[in-house]
Amino acid sequence: MKTGRPTLTVERLQRAVQRVQGEVRWGEPLAPILSLQVGGPADVLIVPSDVEDVIRVIQGARAEDIPFVVLGGTNVVVRDKGIRGIVMQLKQLTGIHEEANHVVYAQAGVRLPRLMQFAMGRNLSGMEWAAGIPGTVGGGVVMNAGTQLGEMKDVLHAVDFVNLCGRRIRVEASNMSFGYRKTMLPKGIVVGAWVQLTLSTRESIEAKTKTYLRYRRVTQPLTMPNAGSVFKNPPGDSAGRLVEAAGLKGMRVGDAEVSTKHANFIVNRGTATASQVLALIRKVRQTVARKFGVRLQLEWKIIGEF
Ligand code: EPU
């Protein structure tokens, strides 16, 4: 059968990445950089050194018609056969600074809790919801990350973005639309974000985050490899409550387990594979659908080859 893309060859991949200045790692296993610690290798993993380097990757991939994806590393499961083409990790994009009128700019690789700490250090409120979230600013923008304290869209002012032509543009949040754990963006890569914060006091920001962090420590399996909430909460209910009521806490497929602490988490007990995690998800969804007639929607993104 004829497919749209020419066959991926090493030569084409090499040509696509030849101008990259950051790290280029061939056949790199992705499990170690993913919070759930499962998943196969990338044909090539690139850690761009800066935004110009991200643009070089996009242009190289476009010239050779090679697929690319950015991995934040938290709310994602990579299948066991890994990812064809280019995978980018933006962990070198860690710049952060304050601008006028309580706006803070952070590059996509900044961890959300670091942005929260940076804001708190300047008595700026608005990022408290991100305390303890293991994701990055880039991932947080793309999926409109959030917790019961708030979400990215509440503070997002504008997005620093590179489109598929390799052009860097600023997209105002007022021109964007958001859903539950979803941001509608043009195709391309988020390389940074401006957040609009408000002046407060360190004490009140700290009090809010402390209570919240304590709640998460008590209710979530933070000491085991996990990828955050597995399912979105269905309207008017919570996925954790439903999965627990279905009697599924502690259910296992291999080393993948529905957490005994919080039923909307799947933890890796050591040697879980992506197939085991996905089989467990199927069982949970089937059981909850059968018992309660609710079709749980994944919050995670599943990518890679079968
Ligand atoms: N519940 C159960 N059994 C469980 C777990 C929860 O009955 O095993 C019940 C709880 O008693 C509570 C309700 O379900 O009445 C909601 O649980 P929880 O307060 O733990 O919040 P959640 O809706 O499961 C959300 C976010 C989390 C965030 C917490 C705390 C979603 C899908 N998840 O969880 O975000 O940390 O609130 O703010 O909205 C993430 O998105 O990756 C994430 C971890």
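Annotations
- Helical content alone sets the calculated 222 nm signal of the chain at -8500 deg cm²/dmol, taking -39,500 (n - 2.57) per DSSP H segment of four or more residues and averaging over every residue.
- For the chain, taking the reciprocal of the average inverse distance between every pair of different Cα atoms yields a Kirkwood hydrodynamic radius of 20.4 Å.
- About the centre of its Cα atoms, the range 96-217 shows a dipole size close to 420 debye [charges on the beta carbon of Lys, Arg (+1) and Asp, Glu (-1) only; nearest 20 debye].
- Charges were assigned to the Cβ only: +1 to each Lys and Arg, -1 to each Asp and Glu. The resulting dipole of the chain about its Cα centre is roughly 980 debye.
- Distribution of pairwise C-alpha distances over the range 78-135, 5 Å bins, in %: 4, 17, 22, 19, 13, 9, 7, 5, 3, 0
- Nearest-20 debye value, the range 10-88 charge dipole, Cβ charges on Lys, Arg, Asp, Glu: 180 debye
- Likely footprinting exposure, Tyr105, Tyr215, fewest C-beta neighbours within 10 Å first: Tyr215, Tyr105
- Residues whose amide H lies under 5 Å from that of Val76, counting only those 5 or more places away or on a different chain, are Lys301; hydrogens are built 1.01 Å from N in the peptide plane.
- Table column - 3J(HN,Hα) (Hz), the range 209-216, Karplus curve with 6.51, -1.76, 1.60, x for Gly and Pro: 6, 5, 4, 5, 5, 4, 4, 5
- Sorted by Cβ density within 10 Å, fewest first, the residues Phe68, Phe292, Phe178, Phe306: Phe306, Phe292, Phe178, Phe68
- Across the range 33-43, coupling constants 3J(HN,Hα) worked out from phi with the 6.51/-1.76/1.60 Karplus curve, θ = phi - 60°, read 9, 10, 5, 7, 6, 10, x, x, x, 9, 3 Hz, and Gly and Pro carry x.
- Pairwise centroid distance, computed over Cα atoms, of the range 118-166 with the range 68-108, Å: 12 Å
- Within the range 1-115, the ratio Rg/Rh, alpha carbon atoms throughout and Rh by Kirkwood, equals 1.03.
- Amide H contacts of Gly192: Ala108, Asp160, each under 5 Å away and 5 or more positions distant or on a separate chain (H built 1.01 Å from N in the peptide plane; Pro and chain starts excluded).
- The range 222-236 and the range 42-59 have Cα centres spaced 30 Å apart.
- Globularity ratio of the range 96-217, using Cα Rg and 2.2 N^0.38 Å: 1.02
- Backbone geometry of the range 265-277 corresponds, through the Karplus equation with coefficients 6.51, -1.76 and 1.60 at θ = phi - 60°, to 3J(HN,Hα) couplings of 10, 10, 10, 9, 7, x, 10, 4, 10, 4, 4, 5, 4 Hz, x marking Gly and Pro.
- Counting charges near Asp237 (Lys, Arg +1; Asp, Glu -1) among other residues having Cβ under 14 Å from its Cβ returns a value of +3.
- Looking at the range 233-292, the pairs of alpha carbons with a distance over 16 Å make up 37% of the total.
- Over 24 Å between alpha carbons, listed pairs Lys91/Lys301; Lys153/Lys283; Lys182/Lys249; Lys187/Lys301; Lys208/Lys249: Lys153/Lys283; Lys182/Lys249; Lys208/Lys249
All of the numbers you see were taken from the coordinates with simple rules; none came from a lab. If you're wondering where the values come from, they're calculated on a predicted model, not measured in any experiment. Cβ sites come from the backbone with ideal geometry, for glycine too, and all protein chains shown count toward neighbours.
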